[in-house]
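Quick one: structure below, then a few questions.
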Amino acid sequence: MSLSPSFVAHRRGWIMPAAALALLLAVSLPVAPVAAPRIAHAAFLALLPVPMGCVLLLLVHALTGGEWGRSARPALLAGAGYLPFVCCLALPPLLFMPSVFLWAGSPELIAKADAARFYFSAPALALRTLVTLGLWNGLAVFVIRRERPSPALAGFCLLVFGVSVSTAGVDWVLALAEPLRSTAFPMSLAISFLLAGAAFAGGSATGERAEDWAKLTATFALGLTYLDAMQFLVAYDGNLPEQARWYGARGGWVLSLLGLAFLLAALLPVLTVFRKSWRRAPEVRRALAVAVPVGVGLRALWFAVPSWEPGALFWLLLLVLLSATAALPILAGGQRA
């Protein structure tokens, strides 16, 4: 099928932040050879939710149908089309694995010998990552090229994602240093994708059903907040030393600020659904299209970054990344207009 002009216009909106991000990583590698792969992985985790969420929402719409999906289809297609670039950010960490995945340089962090031999090994991690990225990019190509996928095929694609995200959440976030066991984290990772994608698409939604995107965003925000809160309460109430150490490492004013920023970004979409005028206001939905993806990105960084004990240079470069993340919906919307 031929791509619509609106889809092409949306995709052009990604060019500037994508080029800036690539330049930043290229410059930072000789300056900070240890920090640069970590910055690439942090950027990958922070930028991944929007494009992957758009892919998932396109699949859900193919499964359910409805005007809600058609009202923001150009933005969903644009976000899905950005996925290959974001996935390229996952390659430098694989090339400099001990800098990012600390267990690769310190096998003693893996308590169980069988896990270290068969699962937590450099070749196994590289294979799982490449297979997962290949599958997810295949899903993106599928939803972009097929305007009306069959519900059965869309359901199968969602099943493939559900299986692959179970290992991705552990490999890319929970097992950067000493692995943390959490059966709920893959689900919360998937919901964070849906939350960021819904907020991004809602900023460009048109038609009578545009306000549905505000409701979807609020629903995903509540679901993600509930899952994160329950994971913390289980660790706290269960007196689990391993998880207590993991959460304790994410204290301090900087990391607490990251968690607070996500809570604010999750709270905003919930507040918008209380009044119909707020849900229908394009300005409100455009504000959510910036605040929520940034908040979800901060949440990902709160989970991952403390494993590396970063210094000032890391945070400075990361600030530039966050600025680029916030610019994505604005530039995409400006190009569409």
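The values are calculated or read from the model by the stated rules, or taken from the named source; none is laboratory data. All values reported here derive from a predicted model rather than from experimental measurement. Heads up, the Cβs are rebuilt from the backbone with ideal geometry, glycines too, and the neighbour counts pull from every protein chain shown. These area figures cover heavy atoms from the full protein model, side chains too; ligands, DNA and RNA do not enter into them. Shrake-Rupley method; radii C 1.70, N 1.55, O 1.52, S 1.80 Å.
Share of the range 153-243's accessible area from carbon and sulfur, percent, 1.4 Å?
Reported share for carbon and sulfur atoms: 68 percent.
Return one whole number: the accessible area per residue of the range 215-299 in Å², for a 1.4 Å probe.
55 Å²
Next question. In whole Hz and in residue order, list the ³J(HN,Hα) couplings for the range 152-160 that follow from phi through the Karplus curve 6.51 cos²θ - 1.76 cosθ + 1.60, θ = phi - 60°; x for Gly and Pro.
5, 5, 5, x, 5, 4, 5, 5, 4
Would you mind putting 197-206, 81-90, 285-294 in packing order, based on average other-beta-carbon counts within 10 Å, highest first?
Those peptides, ordered most packed to least, come out 197-206, 285-294, 81-90.
Let me ask you something else. Select from the range 136-198 those trypsin sites (Lys or Arg not before Pro) which occupy a DSSP coil region and have at most 13 other Cβ atoms within 10 Å, ordered by residue number.
Listed in order of number, the matching sites are 181.
Once phi is turned into ³J(HN,Hα) by the Karplus curve 6.51 cos²θ - 1.76 cosθ + 1.60 with θ = phi - 60°, what whole-Hz value does each residue of the range 78-93 show in order, with x for glycine and proline?
Residue by residue, the range 78-93 yields 5, x, 5, x, 7, 4, x, 5, 4, 5, 4, 5, 7, 6, x, x Hz.
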